[in-house]
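This report concerns only the one structure given below.
Read-outs throughout are calculated quantities, based only on the coordinates presented, and are distinct from any laboratory measurement. This one's a predicted model, so the numbers in the text were calculated from it and none came from an experiment. So basically every Cβ, Gly included, is an ideal-geometry build from the backbone, and we count neighbours across all protein chains shown.
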Amino acid sequence: MEVTVTINGDSHSHDVEPRTLLVHYIRDVVGLTGTNIGCDTSSCGACTIHVNGESVKSCTMLAVQADGQDLLTIEGLADGDVLHPMQESFRQCHALQCGYCTPGMVMAAVSLLDENPDPTEREVRIGLEGNLCRCTGYHNIVKAVLHCAEASS
Amino acid sequence: MIPAAFDYIRAGSAEEALAALAEHGDEAKLLAGGHSLLPLMKLRLSTPAVLVDIGRLDDLSYINDAGDHLAIGALTRHRDVETSALVQSQAGLLAEATSHVGDPQVRHRGTIGGSIAHGDPASDLPSVMLAMRATLVARGPGGEREIAVDDFFTGFLETSLGDDELLTEIRVPKMPDATWGFQKFNRRAQDWAIVGVSAIVNNGNSGVGLVNMDSTPVRAAGVEAALAGGASASDAAEAAAEGTNPPSDLNAGPEYREHLARVLTRRALEAAGR
């Protein structure tokens, strides 16, 4: 089935099997491998991208469901060499260890601040409950999100 | 994990969806937000031959004030329910429970109708439907019919919806002055409830629904009867597990679930001011 999506501002069209998961389409067909596959069961959030501006787990969506939609992946966040404020905050606050959860964590955090620009620490922790960091580096991740919110206000 | 192959039909209208269901019968499954169905398909626990995607039927995504009740389109996303000022003011229990479904990403895709039509006893929202005595509206080849929530859940992941029917609307009685409590016990953020309880008290009438205490979502009828007889929260909560048949899994056996049901029901009733 023909699928046309906009990813990070670029239009992509491909013929895919209906059962193709969106994350496989993004990684294997389009070739954008910044979006990671973690648990593959919509628990860990490593595959989080934005669909029409909202965080979504791309392992639990079919590519055909994304037809005609506007997608943003971690590759589309920075402006050339200038990091997105959330990426910059993750860097400054050392909000990553192994880095595997980081793309999904950053995408979820950007969506969180879009919906709640001035969250409390508790709201950040609850807002990121769909993303797991197996290095258990949550403390600095929360700090980074709060730092980004403060820097943007 | 990749689902087994299926034919995909994108419905452009409710009529198209019903036509596809009429053609393919029980070989077809409806796909809304996909956050209950796709995980089952990836595990190959569900292998429908045809998926009918109703995710773009925007005319079934709405929250309307319909006089004595809220009319909520079946394809309204959890995110839109939880943030709706109308739901928050007229059905606060539903807004609160919805904010505990999955996680933000799940709530951006999952729909109220999909969650209820899935008929999962471990889901949060069916307990709210039971507590608030909601009415479900289904559309089929013979037109529309209303289903009282007590007649809706018929078995594990089974409902009284026919293979040729589409859940279109959820009608939740408006209860602006109600007091309520929602309790969800789990061991990890975002997990299914090991046991959950929705309790609401409105004009002296109470409703209590249980999560994960049987093969279907169930009403705590014993608790409601005790409350009607004037029992205190803690006395009424003693009846929470009566008549239930709780499942056993890695998290808990039946006895522990019965204990949780009593404790959580007491807490929910206390939160509701009983």
(request) Evaluate peptide A:58-71: per residue, the Cβ atoms of other protein chains within 10 Å of its Cβ; return the mean as an integer. (result) 4
(message) Which one, A:THR136, A:ILE74, A:SER153, is farthest towards the positive end of the dipole of the range A:67-153 when Lys and Arg carry +1 and Asp and Glu -1 on their Cβ?
(response) A:THR136
(request) Give the dimensionless ratio obtained when the Cα radius of gyration of the range B:40-185 is divided by 2.2 N^0.38 Å. (result) 1.01
(request) Starting from one equal scatterer on each C-alpha and no solvent at all, send me the Debye-based log10 I(q)/I(0) for the range B:7-53 at q = 0.15, 0.20, 0.34 Å⁻¹, two decimals. (result) -0.35, -0.61, -1.27
(request) State to the nearest 20 debye the size of the charge dipole of chain A about its Cα centre, where the only charges are +1 on K and R beta carbons and -1 on D and E beta carbons. (result) 640 debye
(message) Given Cβ point charges of +1 (Lys, Arg) and -1 (Asp, Glu) and nothing else, what value in debye, to the nearest 20, does the dipole of chain B about its Cα centre take?
(response) 900 debye
(request) Divide the volume of the convex hull of the Cα atoms of the range B:182-271 by its number of residues and quote the answer in cubic angstrom per residue. (result) 84 Å³
(request) Can you tell me which of B:127-134, B:197-204, B:219-226 comes out highest on packing, and rank the rest after it, using the mean Cβ neighbours within 10 Å? (result) B:127-134, B:197-204, B:219-226
(message) With equal scatterers on the alpha carbons only and no solvent term, can you work out the Debye log10 of I(q)/I(0) for chain A at 0.15, 0.18, 0.19, 0.20 1/Å?
(response) -0.73, -1.02, -1.12, -1.21
(message) Let me spell out the model: positive unit charges on the Cβ of Lys and Arg, negative unit charges on the Cβ of Asp and Glu, origin at the Cα centre of the range B:1-124. What dipole size does that give, in debye rounded to 20?
(response) 480 debye
(message) Relative contact order for chain A: what percent, with Cα pairs under 8 Å and sequence separation of 6 or more?
(response) 24 percent
(request) Average the reciprocal distances over every distinct pair of alpha-carbons in the range B:126-215, invert the result, and give the Kirkwood radius in Å. (result) 14.5 Å
(request) Considering the options B:THR159, B:ALA225, B:ALA199, tell which one lies farthest towards the positive end of the dipole of the range B:127-274, charges being +1 on Lys and Arg and -1 on Asp and Glu at the Cβ, about the Cα centre. (result) B:ALA199
(message) Could you tell me the relative contact order of chain B? Use alpha-carbon pairs under 8 Å, at least six residues apart, and round to a whole percent.
(response) 16 percent
(message) Over all directions, the average projected area of the alpha-carbon convex hull for the protein assembly as shown comes to how many nm²?
(response) 20.5 nm²
(message) Test of understanding: in a Gaussian network model of chain B with alpha carbons linked when under 10 Å, which of B:ARG56, B:ARG79, B:ARG44 would top the mean-square fluctuation ranking?
(response) B:ARG44
(message) Could you work out the relative contact order of the range B:182-271? I mean the mean sequence separation of Cα pairs under 8 Å and 6+ apart, divided by the number of residues, in percent.
(response) 28 percent
(message) Among A:PRO119, A:PRO18, A:PRO103, which one shows the highest mean-square fluctuation when chain A is modelled as a Gaussian network with alpha-carbon springs under 10 Å?
(response) A:PRO18
(request) Could you work out the per residue convex hull volume over the alpha carbons of the range A:2-76, in cubic angstrom? (result) 72 Å³
(request) Note the direction-averaged projected area, equal to a quarter of the hull surface, for the Cα convex hull of the range B:115-173, in nm². (result) 3.6 nm²
(message) Based on the alpha-carbon set only, what is the convex hull volume of chain B divided per residue, in Å³?
(response) 119 Å³
(message) Residue by residue through B:1-11, how many Cβ atoms from other chains fall within 10 Å of the Cβ on average?
(response) 4
